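A short write-up of the structure that comes next.
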Amino acid sequence: MSNPYDSMEGVVSPGEAFGNIAFYSSLAACTAFWELLMPVPAAKSGLMLNSLQKIATRASNKGMRPTRVIRLPKSASIVTQIIPTDVMTSVPVRLFLIKTDTGAMMRACSKMHESAKIGGDLHNELEEHAQSITDQQWAADDQQAFSRLLTSHRVGILGTSHLGYVNAAMTGTVAMLRFVQLSISMALMVFLAAMAIVFWALMLIPVVGQGTAMSFRTSLKPVVEIARKVIQVMDEIMVKVGWAHAGIVGLMTLNAAGTDAYKIGDIEGGGWANLGQSGVDIVKDIAEKYLRAVKV
């Protein structure tokens, strides 16, 4: 079955490649534009980046920040204020951390949407079945018990179905925003990498090359600042969307678990048990991935 996420997958499928291109291009751009190695503010960019920024700040404050002078031919020099801890939240590191397979995210959205649709169809079938039963077909007690059980199933299925639709929509939004961020970052980094090549080509020209190269580099500083700002702002937006995603889906997950846990007579729904098992499975999956990464 086809749904809107299938066509969106084709649009965002290059996201992973864009992320790799942006990262490797940023490394090339850093050879001429050292500002890309300076810290990008990360206070509002999520727990991991915020922690990295705090670590870098504490390390920098332990002593005087050393000054490195990169000597260029014929007395030209560029003074930088870069120490190892600076690069912890630099542009290349930020680009490495945001590399994402946005196509896979959209495929997941498509599967969630289809699961939600199946749930919705089942709810409609139960609704039709309930309406098809007349009072004359049941004894009063039987009809009352069946009605309660049917209502319980319908509410549980509907809550789970809505959870699937909302989760697919929120995940799709995150995937699209990430794709936009990767696309813009790639364009800027590829441009700066190309300009870095031009810079070093100018540096090799005798007599006038070095001065021309430095003027050329200075003229591109606004582009470097734009690149740093775009990455910072987009990360902050992604964090806000992520919190909204987690909050909405978390509440709807609890609602779905609760509505699927009703007990009718001897029959009890497995909502809370299923939710607990899902949590255990997630922890196991994270632990397995961590152990594989450590072994590598």
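Structural remarks
- Within segment 2-16, the presence of a residue that is farther than 20 Å from Leu177 by Cβ, assigned to a helix (DSSP H, G or I) and either of a type outside the set (A, V, I, L, M) or without any contact (Cβ under 8 Å) to a residue 40 or more places away in the chain (or both) is excluded.
- If the condition is being within 25 Å of Ala42 (Cβ to Cβ) and either open to solvent by less than 50 Å² (accessible area, probe 1.4 Å) or modelled with pLDDT under 70 (or both), then segment 89-114 contributes Thr89, Ser90, Val91, Pro92, Val93, Arg94, Leu95, Ile98, Thr100, Thr102, Met105.
- Positions within segment 14-35 being open to solvent by 60 Å² or more (accessible area, probe 1.4 Å) and within 16 Å of the chain's Cα centre (by Cα), in sequence order: Glu16
- Flag for Ala246 being surrounded by 15 or more Cβ atoms within 10 Å (Cβ to Cβ), at pLDDT below 90 and in a helix (DSSP H, G or I): no
- So Ala201, is it in a helix (DSSP H, G or I), open to solvent by 30 Å² or more (accessible area, probe 1.4 Å) and more than 21 Å from Val12 (Cα to Cα): yes
- Scan of segment 159-175 for residues that are open to solvent by 60 Å² or more (accessible area, probe 1.4 Å) and more than 23 Å from Met238 (Cβ to Cβ), ordered by number: Thr160, His162
- Restricting attention to segment 204-222, the residues that are of a type in the set (S, T, N, Q) and either surrounded by 12 or more Cβ atoms within 10 Å (Cβ to Cβ) or not in a helix (DSSP H, G or I) (or both) add up to 2.
- Of all residue pairs spaced 6 or more apart or on separate chains, those with beta-carbon atoms under 6 Å, a first member in segment 223-234 that is surrounded by 13 or more Cβ atoms within 10 Å (Cβ to Cβ) and a second member that is acidic (Asp, Glu) are Val224/Glu35.
- Ala43 passes every criterion in (1) surrounded by fewer than 16 Cβ atoms within 10 Å (Cβ to Cβ); (2) outside any loop (DSSP other than H, G, I, E, B); (3) at pLDDT 70 or above apart from (2).
The values are calculated or read from the model by the stated rules, or taken from the named source; none is laboratory data. These figures come from a predicted structure and were not determined experimentally. Neighbour counts are summed over all protein chains in view; Cβ atoms, including those assigned to glycine, are modelled from backbone coordinates with ideal geometry. Note: accessible area is taken over every heavy atom of the protein model, side chains too, but ligands, DNA and RNA are not part of it. Shrake-Rupley method; radii C 1.70, N 1.55, O 1.52, S 1.80 Å.
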